[in-house]
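Peer 1: Below you will find the structure I want to go over with you.
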């Protein structure tokens, strides 16, 4: 048995990761869930559990600053980080743990470069539920435009304004194309996606851009399947869950050739956006101390436009890449694979 410390309830990325990852682990051995947050009124609470055993492994999956609450033997921090410099206070917390797990080889290299011992840092990937996120049949509609889909918070790191600019420049308003932005950000007070899109466009005209409202996971699967391609010109990803979800749904994926996605995405399974250069981290809300956090990628706008056009004009090729992407995810990147890898790391470190 293991003790799992996590945000278990809710629909944020931490909670989705924890439920999926520890749910897959529970298929192989018991897991005692110790949630950092309570259930909402609409959620069923887990049955009460015993106090965590200090002799059992304790795994914290979540923000670095909560790892001091994790107890067990060994004490494991399963964390993500998305810039090249880790602040000293966070590095000290991770150094106090027995093991540190990160989803990607890039994430491991970042932590080692920031002073963590290589022997302590292990790669445990995230995954995707390929039975839930899967291709779905849809009726043929010759009048439907070709739909590009973006899934991610509206923030500087995700490159959403870069995407809007590239899309506007590349496609004429007369072309049968549409950009769907599932880009809500609940952390920004008074956030209005339609207003953000209008602000990004200014007075410039563009082909249709559709704002997608917040939805549950079942509706998200349908949203993926209502679109023809997925695009994320990200500046950095610790993993990139929407990318693998889109791949599992058989969509051709356009993503930046930088950070974690390079663990599971290549020219055979997707379309890579070139990186023009690495730039200083800047985001006044999510990374207010950006000048102290190092660098992330500046995706090349011309490369992004080229890949948008290529997918739009070469649809048979794009569909085939989507099929190969689905096969790759099923073969290597499910939550069952992630849980098995974690248990292997735990055994080897015992």
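Peer 1: Could you tell me how many of the residues in the stretch 210-237 are within 29 Å of residue 83 (Cβ to Cβ) and buried (at least 20 other Cβ atoms within 10 Å of the Cβ)?
Peer 2: 11
Peer 1: Please go through the stretch 223-257 and give me each residue that is at negative phi and without any contact (Cβ under 8 Å) to a residue 40 or more places away in the chain, ordered by number.
Peer 2: 243, 255, 257
Peer 1: Follow-up. Being on the phi < 0 side of the Ramachandran plot, in contact with a strand residue (DSSP E or B) (Cβ under 7 Å, 6 or more places away or on another chain) and at pLDDT 95 or above is true for just one of 266, 300, 274, 316. Which residue is that? Give the steps one after another, and end with the answer.
Peer 2: Numbers: 266 fails: in contact with a strand residue (DSSP E or B) (Cβ under 7 Å, 6 or more places away or on another chain); 274 fails: in contact with a strand residue (DSSP E or B) (Cβ under 7 Å, 6 or more places away or on another chain); 316 fails: in contact with a strand residue (DSSP E or B) (Cβ under 7 Å, 6 or more places away or on another chain).
When all the criteria are applied, what remains is 300.
Peer 1: Any chance you could count how many residues in the stretch 158-205 are in a loop (DSSP other than H, G, I, E, B) and surrounded by fewer than 19 Cβ atoms within 10 Å (Cβ to Cβ)? Give the steps one after another, and end with the answer.
Peer 2: Kept after step one, since they are in a loop (DSSP other than H, G, I, E, B), are these residues of the stretch 158-205: 159, 171-176, 183-192, 202-205.
With the extra rule that they be surrounded by fewer than 19 Cβ atoms within 10 Å (Cβ to Cβ), the set shrinks to 172-176, 185-192, 202-205.
Count: 17.
Peer 1: If you don't mind, there's one more thing I want to ask. Taking the conditions exactly as written (assigned to a strand (DSSP E or B), at pLDDT 95 or above and closer than 22 Å to residue 261 by Cα), does residue 149 satisfy them or not? Step through it out loud before you land on a result.
Peer 2: Values: assigned to a strand (DSSP E or B): yes; at pLDDT 95 or above: yes; closer than 22 Å to residue 261 by Cα: yes.
Taking the combined requirement at face value, the residue satisfies it.
Peer 1: Just name the residue that is nearest to the chain's Cα centre (by Cα) out of those in the stretch 224-269 that are part of a helix (DSSP H, G or I) and over 14 Å from residue 333 (Cβ atoms).
Peer 2: In this case the residue turns out to be 224.
Peer 1: Continuing with this model, one more query. Among the residues of the stretch 37-46, is any on the phi > 0 side of the Ramachandran plot and touching a strand residue (DSSP E or B) at 6+ places or on another chain (Cβ under 7 Å)?
Peer 2: Residues of the stretch 37-46 on the phi > 0 side of the Ramachandran plot: none.
There is no residue in the stretch 37-46 that is on the phi > 0 side of the Ramachandran plot and touching a strand residue (DSSP E or B) at 6+ places or on another chain (Cβ under 7 Å).
Peer 1: Going by what's in this entry, would residue 200 be described as more than 27 Å from residue 317 (Cβ to Cβ) and modelled with pLDDT of 95 or more?
Peer 2: Details: more than 27 Å from residue 317 (Cβ to Cβ): yes; modelled with pLDDT of 95 or more: no.
In short, no.
Peer 1: If you check residue 148 against the conditions, is it under 27 Å from residue 208 (Cα atoms) and out of contact with any strand residue (DSSP E or B) (no Cβ under 9 Å at 6 or more places or on another chain)? Break it down stepwise before answering.
Peer 2: On the way: under 27 Å from residue 208 (Cα atoms): yes; out of contact with any strand residue (DSSP E or B) (no Cβ under 9 Å at 6 or more places or on another chain): no.
No; evaluated as a whole, the condition is false for this residue.
Peer 1: Let me ask you something else. Answer with yes or no whether residue 132 is surrounded by fewer than 19 Cβ atoms within 10 Å (Cβ to Cβ) and in contact with a helix residue (DSSP H, G or I) (Cβ under 8 Å, 6 or more places away or on another chain).
Peer 2: On the way: surrounded by fewer than 19 Cβ atoms within 10 Å (Cβ to Cβ): yes; in contact with a helix residue (DSSP H, G or I) (Cβ under 8 Å, 6 or more places away or on another chain): yes.
Criteria met by residue 132.
Peer 1: Just to be sure I understand, how many residues within the stretch 284-300 are more than 18 Å from the chain's Cα centre (by Cα) and either assigned by TED's automatic domain parsing to the domain that holds residue 81 or within 26 Å of residue 189 (Cα to Cα) (or both)?
Peer 2: 8
So that you can scan it fast, the table gives a plain yes or no per residue for (1) touching a helix residue (DSSP H, G or I) at 6+ places or on another chain (Cβ under 7 Å); (2) assigned by TED's automatic domain parsing to the domain that holds residue 262; (3) buried (at least 20 other Cβ atoms within 10 Å of the Cβ):
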{"site": "28", "(1), (2), (3)": "yes, no, no"}
{"site": "35", "(1), (2), (3)": "no, no, no"}
{"site": "43", "(1), (2), (3)": "no, no, no"}
{"site": "62", "(1), (2), (3)": "yes, no, yes"}
{"site": "71", "(1), (2), (3)": "no, no, no"}
{"site": "76", "(1), (2), (3)": "no, no, yes"}
{"site": "84", "(1), (2), (3)": "yes, no, no"}
{"site": "91", "(1), (2), (3)": "no, no, no"}
{"site": "94", "(1), (2), (3)": "yes, no, yes"}
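The values are calculated or read from the model by the stated rules, or taken from the named source; none is laboratory data. None of these values were measured; they are calculated from a predicted model. So basically every Cβ, Gly included, is an ideal-geometry build from the backbone, and we count neighbours across all protein chains shown.
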